[in-house]
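Below you'll find the structure, written out as structure tokens, and then a few comments.
The values are calculated or read from the model by the stated rules, or taken from the named source; none is laboratory data. Since this is a predicted model, take the numbers as computed values, not measurements. Glycine also receives a Cβ, built like all others from the backbone with ideal geometry; neighbour counts cover every protein chain displayed.
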Amino acid sequence: MSQDDSRKRAANRRRCYNMKGSIMEVIEETTKNYEGKFWNRHLQDFQSWEEQKGWYVRFQSFCNRMYLDYSDETSSPHATRFSQMEYEREYEDYLVKKFLETE
């Protein structure tokens, strides 16, 4: 056995030793997408397809209402106003936080 092979094996042992939890926990965590679960980056959690579609429909409805309020507030002729896409991109964190508070 060469010195490179022994280093690789030692590195693999260290990697396995440092893994948190059992192998089954690691496998279960990495195979969520095979169970039909989809990552919702706003919630930082997995959801089924139906749950995620419903969540995004409710969230988009909330964003539409918030954009209408924003449009009313910036309706003066000299005000600069974002398009709805720009508004959602600019205030995404705020919108998610407010939506989760009201949900």
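Cβ separations smaller than 8 Å between residues 6+ apart or across chains give the following pairs from region 47-59 residues that are assigned by TED's automatic domain parsing to the domain that holds Val96 and touching a residue at least 40 places away in the same chain (Cβ under 8 Å) to residues that are part of a helix (DSSP H, G or I) and not small (Gly, Ala, Ser): Arg58/Phe99; Phe59/Leu95; Phe59/Val96; Phe59/Phe99. Being of a type in the set (Gly, Ala, Ser), exposed (fewer than 14 other Cβ atoms within 10 Å of the Cβ) and in contact with a strand residue (DSSP E or B) (Cβ under 8 Å, 6 or more places away or on another chain) is not true of Gly54.
Residue by residue through region 78-103, note down the ones that are in a helix (DSSP H, G or I) and not charged (D, E, K, R). If the condition is that a residue be in a helix (DSSP H, G or I) and not charged (D, E, K, R), then Gln84, Met85, Tyr87, Tyr94, Leu95, Val96, Phe99, Leu100, Thr102 are the ones that fit. The set of residues from region 60-85 being free of Cβ contacts under 8 Å to residues at least 40 places away in the same chain and among the hydrophobic types (A, V, I, L, M, F, W, C) comprises Cys63, Met66, Leu68, Ala79, Phe82, Met85. Is there a residue being at pLDDT below 85, among the small types (Gly, Ala, Ser) and on the phi > 0 side of the Ramachandran plot anywhere in region 2-17? Scanning region 2-17, I find no residue that is at pLDDT below 85, among the small types (Gly, Ala, Ser) and on the phi > 0 side of the Ramachandran plot, so the answer is no.
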